[in-house]
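The values are calculated or read from the model by the stated rules, or taken from the named source; none is laboratory data. Predicted model only: the values in this text are computed from it and were never measured. Ideal geometry is used to build each Cβ from the backbone, glycine not excepted, and the neighbour counts take in all protein chains shown. In case anyone asks, the SASA skips ligands and DNA or RNA and just uses the protein heavy atoms, side chains included. Shrake-Rupley method; radii C 1.70, N 1.55, O 1.52, S 1.80 Å.
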Amino acid sequence: KRLACIAACVPKNSRVVDVGCDHAYLAIELIDRGIACTVVASDIVAGPIAAARKNIQNRALQDKIKLVQANGLQGVQKGEVDCVIIAGMGAGVIIDILEAGQEVIEECNILVLQPMVGIELLRKWLASHSWQIEQEYLIEENGIIYEILVSKPASKAVELSLAECYLGKLGKQELFPRYLEQLIKKQEKILAALDKAKCTEQIVQKRKKTARILQILREAYDE
Ligand code: SAM
């Protein structure tokens, strides 16, 4: 369901790079369903590359899917792609990949991102680097709720508020109340741990911020 939703976010006839392709299931799905015309399937680790090679060869898709072992977007040639997918990694790693791959993403008209943690950091980074959030989805698979974010170039960089960083454009999703409950529980745990911590200036500031985030999430839940 998660990979199918990511595939559905990709515009038809795109030239895609899937960073961290692992087994290349998504790359294969994109070609099989006639969504992408070409895919660069890229991964940094040899094991996933070997699995991906086998799957691509089994489907005889070597002419449509180019497999590369590289860090982030480093294996992508100039002008080779117009859509970047990065799924199944933390927001910190995704941001590092986007930062290092600015020349590649400058040529793209869409980013499809699925962070495992820290989506608020990703929203902040995108907005401050002239990328606007077009759409966001919540997908549940095996009891886990995943966030999928579609971003397109914006005319200017903007700074998001704390509420915009934490809530994004998920408000209309059916899973939103359950998702918010999870976020609230997580922040409550952080706050409880901070309450027990030694009272330094840094802890005081972090507590203030966490309390503000909790207020934002609770208000959104009550709406
Ligand atoms: N994208 C797939 C998905 O969503 O199902 C696989 C996710 S898997 C949890 C993460 C994959 O990203 C692994 O295969 C890992 O080797 C790869 N990876 C991690 N850091 C990477 C980086 N900096 N550049 C390329 N691939 C990376």
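Antiparallel beta bridges, as assigned by DSSP with both residues in the chain, represent about 40 percent of the total such bridges. Take residue 157, project a point 7 Å from its Cα along the Cβ direction, then tell me which residues of the range 109-140 have their backbone nitrogen under 17 Å from it. Flagged as within label range: 121-133. Using the Cα gyration tensor of the chain, with a ≥ b ≥ c the square roots of its eigenvalues, what is the shape: rounded (a/c below 1.5), prolate (a/b larger than b/c) or oblate (neither)? Prolate, because a/c is 1.5 or more and a/b exceeds b/c. Accessible surface area normalised per residue over the range 62-185 is 49 Å², counting heavy atoms of protein chains with a 1.4 Å rolling probe. The helix-only estimate of mean residue ellipticity at 222 nm for the chain, built from DSSP H runs of length n ≥ 4 each weighted as -39500 (n - 2.57), is -14000 deg cm²/dmol after division by the residue total. Label-to-label distance, residue 181 versus residue 135, with points set 7 angstrom from Cα along the beta-carbon direction: 2.7 nm.
Peptides 193-200, 37-44, 104-111 ordered by packing proxy, namely the average of other Cβ atoms within 10 Å per residue, highest first: 37-44, 104-111, 193-200. Counting only residues at least eight positions apart within a chain, or on another chain, the aspartates and glutamates with an alpha carbon under 15 Å from that of residue 208 are 188, 195.
Charges were assigned to the Cβ only: +1 to each Lys and Arg, -1 to each Asp and Glu. The resulting dipole of the chain about its Cα centre is roughly 420 debye.
Summing charges over neighbours of residue 163, with a neighbour being any other residue whose Cβ is under 13 Å away from its Cβ, gives +1 when K and R count +1 and D and E count -1. Ranking 143, 168, 129 by how far each Cα lies toward the positive end of the dipole of the range 123-197 (charges on Cβ) leaves 129 at the top. Based on C-alpha pairs under 8 angstrom that are at least 6 apart in sequence, the range 68-223 has a relative contact order of 17 percent. Charge tally around residue 211: other residues with Cβ under 11 Å, Lys/Arg +1 each, Asp/Glu -1 each, net +4. How high is the relative contact order of the range 88-150, given as a whole-number percent (alpha carbon pairs under 8 Å, six or more residues apart)? Answer for the range 88-150 is 35 percent.
Judged by the mean number of other Cβ atoms found within 10 Å, the most tightly packed of the peptides 202-208, 177-183, 212-218, 23-29 leads the ranking 23-29, 212-218, 177-183, 202-208. Less than 14 Å Cβ to Cβ from residue 47, Lys/Arg counted +1 and Asp/Glu -1: what total charge do the surrounding residues give? Taking every other residue near residue 47 into account, the sum is 0.
Using 24 Å as the Cα-Cα cut-off, could you pick out the over-long pairs in 186/206; 1/124; 78/169; 124/186; 124/209? In this structure, 1/124; 78/169 lie more than 24 Å apart at Cα.
Output the antiparallel fraction of DSSP beta bridges having both residues in the range 82-184, as a percent to the nearest 5. Percent antiparallel among DSSP bridges in the range 82-184 is about 70.
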